[in-house]
Structures are given as C-alpha cells and as structure tokens.
Amino acid sequence: MQGNVITTIIALLFYLTSGLFGVNSGSSSKNSALPPETSIFYPRSGVIASDVATIRSESSSSSSTVGSATKGSRLIILGEKNGLYQVQTHSGITGWVAKWMVTAQAPAAGTVSKGRTIAGYYVENYYNDPVGYSALSANLGTINTVMPFSFNIDQYGTIHSTHNPKPVRLARSAGAVTLAVVNNIKGDNFNSSVASKLLSSPTYRSKAVSGISRMLQQNGFQGVNIDFENVPARSRNDLTAFFRELAAELRPKGLLVTASLPAKTSNDRSSSHGGAYDYQAIAPYLDQAMIMTYDEHYAGGAPGPVASYPWVDKVIRYTLNYFQPSKVVLGLAAYGYNWSMSSGKAQNYKAIQNLIKQYSVAPKWHPTYKVPYFTYKSWGIKHQVWYENASSTAAKMQLVRNYGLKGVAVWRLGYEDPAIWNVIRQSLY
C-alpha cells in the first residue's frame, strides 16, 4: 500500500508541476518538477532504548566517541550504515549509534480514520464571507478538523466573539472536530500588551480559563486552540502557567487543549517571536501543537520563501526535542507574498495566478527551497513573488510522513491552491 501511495504522489507531482510551469524534457533544473526521492525513509524520529548509548564519529563501532545519550532521549535519525544509525541529538551532536540501542519510529502511512489531523483555519473577513465556506464545503471529505478564528480575549480575561455558527454546523454534519481559536488580537494586530497584562494576573488568567471552558461547552466545540502571538519574552513563565491552568480545567471535561505555536529553531529566551513559548514546559499540557511553519520571510522583511523545505525541516527537528510526533501538527501556508521596493503584501493563490496571467510570467521552481517563485515589472517597478502551491505542499507532506507527525493545519481556508487537498489526501491515506 505504501508503495502505491508513493507512486501516486510522484505521478501527481509531475502532473501538477508540468501543468503549472510548462515543464518539458528541455527545461532547466530551476524550472522543473520535484525530483523523485530515492527514499522517504529518512529523516525519522527515534528514542534511545539502552541505558546509555555511545555516539561515534563514524559509521564504525571502533571510531572515536563524540558524545552519549541516556535511555528515553529523543533524537532524529538521519540515515543508517553498517548496522548503525546516523543521529542528531537534542543538543545538536551528530554522530552514529548502534541500531540495537535505538527504537526507531516508522514513518506513518496511516489514514485520517486512524487519527491523523487535517485541519483548516476558518477565517471570515466579514460575516458570511463565502471564501472560506466554499473551500470548506468542497473539501469536507478531506478536512476533519475545523478551527473557526472568531474569538478574541482582552487583557482582563473577557472573551469577545464574532462567531458564525454556519460553518461549524457544516463541519459537524460531516463528523469533523471543531476547535475554537482564541486569539489576542486588538484592532488589526496580535497585541503584546493584552497578552502581557492578561497572563501576568492570576485573577485574569482564572477568568479567561473559566470563560473559555464555558464558551466551548455553550457552543459545542470539542476543544480550544490558543493563538497568542507577539507575547513578550518576559511572560514566559506566566504563559506556561496559563496552559497548565487551562489543561486542568478542560481535560476533566473531555475537551482538547491545543495551541498554534511559533516556529522555532532554538530556545532563545529573549526572542520577541517565540521566547515566551517554553516548549519543554508547555508540552505536557497540550494535546496537539499546531506549529506555524510559515512567514519564514514576511511582508516587512526581505523577499524569500514563505516556508522553505530546509527551514521547515529544521523547525520540525527542534520541535521533536520536546513534543512527541503524535502531538505535532504542521502548519501549511496557503498564500504567498508579493514584494516591491522595500515591502511586501500577502496574496492568496488565486490572486497570484491572476498576476501570472496578467504579466505572462513563467514561474520557476527553486530546487533547494522546493517552492515556486517569479518576478515581473509593473510601471517600471520590479516585483518578486514567492508562494505555496500543490507541489510545495507535496514536499512538506513528505516531511510529515517521514517524521510520523499528527497531521497538518492549513492557514487559511479559501486562500489555497485547490489541488493541495488531493496531495494531502494522497499523502495521509
């Protein structure tokens, strides 16, 4: 079965990419489809099974020692040779360990019915906005978790709602799980001050936890997704306390505790991006961690991929130091950025396709980043566009399978290349 799935994915990749990029036998490598992988076996997750495992410099039991790992330590398996695994540890040591000392987790070939999460963030720009609803309606056979982005919390722990029950009813009619997304947006942005004041007060935290519990039960949600962004690094311990208190309230009621977490590649406690999120401390309190593996490059920065393959791989490796693969849901961007002069703006897949037609450009494929991009000129000003499509999604789905992750969460429904759902379905069934 796994071989058939792999064959289908490769065939689908060739079809999708050749259709979009006009690939033929004479195309250059930068404008070609994803090359077929020789193996999807590595990288994968593993756990030290022996009391102490010696890590060696070469794939030989007689080579020099570069470190060790104790029983239960999680690591990433990069390959195998001569009866040893090449591994990378939590501390960054890369070397070789005898295979019998490691319990390797097989890449999950499973199906949605076996517990995989295929989630979509449901956002409305205005009440009854049809964009997300149309995407949800068309793909409910694939999407099994719907996350309405319609609740925000203020600094005093009061929940405010723009909740539209229509998409939730549709999701439930198909048996999908619904998770209410609670954010710290004030005005148009995630608000640092709101997060700081809320989290620093045990009284306001308690009010927030009670309010979330009540809101979930009143609206029939199966759980919550906490999406607090721009949280000050100084709020690190307070944020951990919030997740601990939230889990203590919701889990006895059978409600799921999930969170949208910033993509991290190191434990930088001072980072304004992710310093407040102590992965190790909050992991026990989360049933699922939706890792926001997008905005590697963003509107206010230099042009580049929204989520390059090497960067996403690095984020996953860091995350698996603290979370079991069965808890990790990989965030998938459904959009791109169009940069001109010194700034950029987000655009959905449909808008980007309109640009391609309007300016008669031929998108290129970056063989390392595994994403499409193109440039064009408008009124003499050069534009650079990097975006996500079915082919770039297929590359990331390979990582989901290899690492045995829980699933994926698409930001946001209605912005995507419609073909991604076939890729996701083929990858996880």
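The values are calculated or read from the model by the stated rules, or taken from the named source; none is laboratory data. The shown structure was predicted, so the numbers you read here are calculated from the model rather than taken from an experiment. Don't worry about glycine lacking a Cβ; one is built from the backbone with ideal geometry, like all the others, and counts go over all protein chains shown.
Just a yes or no: is a residue in the range 380-387 at pLDDT below 95 and in contact with a helix residue (DSSP H, G or I) (Cβ under 8 Å, 6 or more places away or on another chain)? No, the conditions are met nowhere in the range 380-387.
Filtered by the rule that a residue be in a loop (DSSP other than H, G, I, E, B) and either at negative phi or not assigned by TED's automatic domain parsing to the domain that holds GLY274 (or both), the range 207-254 gives PHE221, GLN222, PHE228, GLU229, VAL231, PRO232. Candidates are the residues of the range 167-206 that are in contact with a Gly (Cβ under 9 Å, 6 or more places away or on another chain), among the β-branched types (Val, Ile, Thr) and not in a strand (DSSP E or B); the one that is modelled with the highest pLDDT is THR203. Is at least one residue of the range 333-346 in contact with a strand residue (DSSP E or B) (Cβ under 9 Å, 6 or more places away or on another chain), basic (Lys, Arg) and more than 21 Å from ASN225 (Cβ to Cβ)? Taking every residue of the range 333-346 in turn, at least one turns out to be in contact with a strand residue (DSSP E or B) (Cβ under 9 Å, 6 or more places away or on another chain), basic (Lys, Arg) and more than 21 Å from ASN225 (Cβ to Cβ). Restricting the range 270-280 to residues that are part of a loop (DSSP other than H, G, I, E, B) and modelled with pLDDT of 95 or more leaves a set whose member that is farthest from ARG236 (Cα to Cα) is GLY274. Please verify whether ALA263 is among the hydrophobic types (A, V, I, L, M, F, W, C), within 23 Å of SER391 (Cβ to Cβ), buried (at least 18 other Cβ atoms within 10 Å of the Cβ) and touching a Phe, Trp or Tyr at 6+ places or on another chain (Cβ under 9 Å), treating the condition exactly as stated. Yes, satisfied.
Here's a check for you: in the range 282-308, which residue that is farther than 20 Å from ALA346 by Cα and not acidic (Asp, Glu) is surrounded by the most Cβ atoms within 10 Å (Cβ to Cβ)?
Out of the qualifying residues, it is MET290.
Residues that are assigned to a helix (DSSP H, G or I), under 23 Å from the mean Cα position of the chain (by Cα) and not charged (D, E, K, R): does the range 401-408 have at least one? Checking the range 401-408: at least one residue is assigned to a helix (DSSP H, G or I), under 23 Å from the mean Cα position of the chain (by Cα) and not charged (D, E, K, R).
Does SER272 satisfy the condition of being over 30 Å from ALA419 (Cβ atoms), of a type outside the set (Phe, Trp, Tyr) and over 14 Å from the mean Cα position of the chain (by Cα)? Answer is yes for this residue. Residue under question is GLY344, and the condition is that it be modelled with pLDDT under 95 and either not in a strand (DSSP E or B) or not hydrophobic (A, V, I, L, M, F, W, C) (or both); does it hold? In short, yes.
Just the residues that are crowded, with 21+ Cβ neighbours inside 10 Å, out of contact with any strand residue (DSSP E or B) (no Cβ under 7 Å at 6 or more places or on another chain) and modelled with pLDDT under 95, please, taken from the range 402-422. Across the range 402-422, there are no qualifying residues. Determine whether ILE143 is in a loop (DSSP other than H, G, I, E, B), more than 30 Å from LYS207 (Cβ to Cβ), modelled with pLDDT of 95 or more and among the aliphatic types (A, V, I, L, M). Against the criterion (in a loop (DSSP other than H, G, I, E, B), more than 30 Å from LYS207 (Cβ to Cβ), modelled with pLDDT of 95 or more and among the aliphatic types (A, V, I, L, M)), ILE143 qualifies. Just for the range 363-398: of the residues that are among the polar types (S, T, N, Q) and assigned to a strand (DSSP E or B), which one is farthest from TRP411 (Cα to Cα)? Going through the qualifying residues, I end up with SER378. For the range 227-242, a residue qualifies if it is surrounded by 22 or more Cβ atoms within 10 Å (Cβ to Cβ) and either at pLDDT below 95 or within 23 Å of the chain's Cα centre (by Cα) (or both), and the qualifying residues are ASP227, PHE228, VAL231, LEU239, PHE242. Taking the conditions (1) closer than 30 Å to SER308 by Cβ; (2) crowded, with 18+ Cβ neighbours inside 10 Å; (3) free of Cβ contacts under 8 Å to residues at least 40 places away in the same chain in turn, VAL257 satisfies each one other than (1). For LEU399, the conditions (1) hydrophobic (A, V, I, L, M, F, W, C); (2) in contact with a helix residue (DSSP H, G or I) (Cβ under 9 Å, 6 or more places away or on another chain); (3) under 22 Å from VAL146 (Cα atoms) are fulfilled apart from (3).
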